[in-house]
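Quick notes on the structure that follows.
Readers should treat all values here as calculations from the given coordinates under stated rules, not as data from a laboratory. On a predicted model such as this, the values are computed, not experimentally measured, just so you know. Glycine gets a Cβ as well: all are built from the backbone with ideal geometry, and neighbour counts include every protein chain shown.
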Amino acid sequence: MSHSPSTLRKRGLLTIGFLALTGAILTAYSTPATGYELSLYSNTPLSFWVLFGCALFVALLVSIRANTDWNRRLALALSGISMGAFVGLPVLRGYRFYGAGDALTHLGWMRSVQSGIISPFELKYPALHTITTFFAVTIGIDLTQAASLVIVLLSCLFFLFVALSTSLVFESRYSTAVGAFGAFLLLPVTALSTYIVPHAMSQAIFFSAVYIYILLQYIQSSASSRTPSAVGVLFVITSFALVVFHPQLAAHLIAVFCGICIMQYLYRYYRNSHPVVDHRPIYGQSLALVVAFLAWTANHDFFGGVVEYAISSAVTYFVADGTAASSVNSKSESLAAIGGSVITIFLKLFSSSVVFFGLTGLLLLWAILKKNGTLTSNTNGLLPYFTISLITLAGIFGLYFFASYSEMYFRVFGLMMVFITITGSVTIAYSIISFSGQIPKTVLQSVVVVGFAIVLFLSLLTVFPSPYIYNASPHVTDMSMEGHEKAFETQDANVTFVGIRAGPNRHADAIHGNLDRTQKYSAITGEEIDEGITQQYSADRYIIITQADRAREIRSYQELRYSQSQLASISSQRGVNRIQSNGEFELFHIRGTAE
């Protein structure tokens, strides 16, 4: 059998796949970025995408249609390495740093942890910073590179444990492969509040896949055993790890665990024939997670404020003016101004998520309508755990949404997508097995391959910010980083900074690494530039303009707030003098009206 024509063809395909992957990696590595890149997609050579797509499609085809475990494992290895290369593109392309906003603040904290200025225990969520610092010191690389490598590591953990969880819920020859490719969709990354950059909540969501797998393993261990098990000890340790990754995520899972505890209790009294009755209760593990959460957050009162604000704002929504709708309307108007729409951006960002939502709904409906218990038996009675988890998280999502708490509800959505990725993958694997008697196996396999190829393309196209989703790459170049460092180092103590949009606050965080985020620098608007920059300030100012600012405002946001002529006029205005420039970064001195 190992030498059959079919097997030999698949090994030939795998050879082509590995060669294509090698070529893709070498292509990306040999074409480093030479300046700011607005889109990682369009600025990466087309040959990389062709070779990467070839490698991933070969892996998908062979893993679904393989007749031997050896070929399937090789295909999964090929797919995993391919996706590692995809997530690690900023590293392969030689980016100095990939991440703006919160990511720059986290970079500053990493630098302070590495230099000993602050202790990890002073941070609310130090796991990402500590792991990155460990990588940087151990391997001997810069923190900016180490941060990108940690993203790759946590992404690979997410891929692995979603695949294993899928196989744990429903064991079949297809489960691991389907689960892996479901994970490759990176559905928890929304580009709205969860990202593929150094961002504590996003990486905590990736890590939660490990936690969910351990949960599934634990509840299927012996319910009668009262002695600690190895899985139970690992569960407790992972609970503490999850809390230091991000306590807010741990709080969401505490709510999930409370729902599961109630469900297990009710099943034991009202449905004693269901497999849930034979599962091990998680009462003690839930208590361990609560203790870990309370112990860690005792000196960090931020999370109490989060809960208080969310609840009070939700109440205000129903009794007052409904700020959630106002926020959506504001974003809708901005998108319309640059030729987009909420529907367009929704379809681009969430089309693959909708598919998996639908698959999850079908699976749960299947479980309800099929009274013979086959699905329940084949999934080890685990589906109710996913049902209660999603219901609980949907409630938290609604609370955040009505509170209009920034876009934090998308963080809850990201966590929901971890569960939905698993259940959607189970639906696909279970459907192949269930319908193989009525529909030829090759037809079913072909449908799965083609379907995954389509949703992979749609999903991976939005993982990195780009003008395609009306956003700009958070690429930070060497010149930009060095320009900001020099500007802060040589500034007159009596002269402060202004910038475009949020100003240089985040770069100040990255450079100084203070525990409190920098908020003292402001921005100048396009209208103020037209009115005359010097007329806006009585005292002297510095104004920072980067190549990233120009590309973002002109090309990605299509001059929504700043026009090309406005930005170009800065250097020629009276009283504005350029004092620093390196091609990616410009610093101007503004003479105040008091002079």
Of all trypsin sites (Lys or Arg not before Pro) in the stretch 1-60, the ones in DSSP coil with at most 16 other Cβ atoms within 10 Å are none
Going residue by residue through the stretch 553-562, the Karplus relation 6.51 cos²θ - 1.76 cosθ + 1.60 with θ = phi - 60° gives ³J(HN,Hα) values, rounded to whole Hz and with x marking Gly or Pro, of 6, 8, 9, 7, 8, 6, 6, 4, 10, 10
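Let me have the 222 nm mean residue ellipticity of the chain computed from DSSP H runs of 4+ only, each contributing -39500 (n - 2.57), with the sum over all residues rounded to the nearest 500.
Working: 25 runs with 383 residues, N = 595.
Helix-only estimate at 222 nm: -21000 deg cm²/dmol.
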Taking Cα atoms only, helix 127-139 is inclined relative to the longest principal axis of the chain by an angle, in degrees rounded to 10, of 80
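Show me the three semi-axes of the equivalent ellipsoid for the chain, from the C-alpha gyration tensor (sqrt of 5 times each eigenvalue), largest first, rounded to whole Å.
Details: eigenvalues 391, 173, 103 Å².
Semi-axes (√(5λ), whole Å): 44, 29, 23.
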In debye to the nearest 20, the charge dipole size for the stretch 466-595, taken about the Cα centre with +1 at each Lys and Arg Cβ and -1 at each Asp and Glu Cβ, equals 180
If unit charges are put on Cβ atoms (+1 for Lys and Arg, -1 for Asp and Glu) and the dipole of the chain is taken about its Cα centre, the option from 491, 351, 273 lying farthest towards the positive end turns out to be 273
Cα-only Rg/Rh for the stretch 91-231 with Kirkwood Rh rounds to 1.05
Any residue on another chain or 5+ positions along whose placed amide H is under 5 Å from the amide H of residue 580 is listed here as 587
Nearest 10, in degrees from 0 to 90: the angle of helix 383-403 to the longest Cα principal axis of the chain is 20
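Write down the Kirkwood hydrodynamic radius of the stretch 73-129, to one decimal in angstroms, obtained as one divided by the mean of 1/r over all alpha carbon pairs. Walk me through the numbers on the way to the answer.
Details: mean 1/r = 0.0732 Å⁻¹.
Computed over Cα pairs of the stretch 73-129, the Kirkwood hydrodynamic radius comes out at 13.7 Å.
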Computed over the stretch 477-590, the Cα gyration tensor eigenvalues, each multiplied by 5 and square-rooted, give semi-axes in Å (largest first) of 21, 17, 14
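If you scale each eigenvalue of the Cα gyration tensor by 5 and take the root, what three semi-axes come out for the stretch 1-136, rounded to whole angstrom and sorted largest first?
Numbers: eigenvalues 295, 79, 20 Å².
Result for the stretch 1-136: semi-axes of 38, 20, 10 Å.
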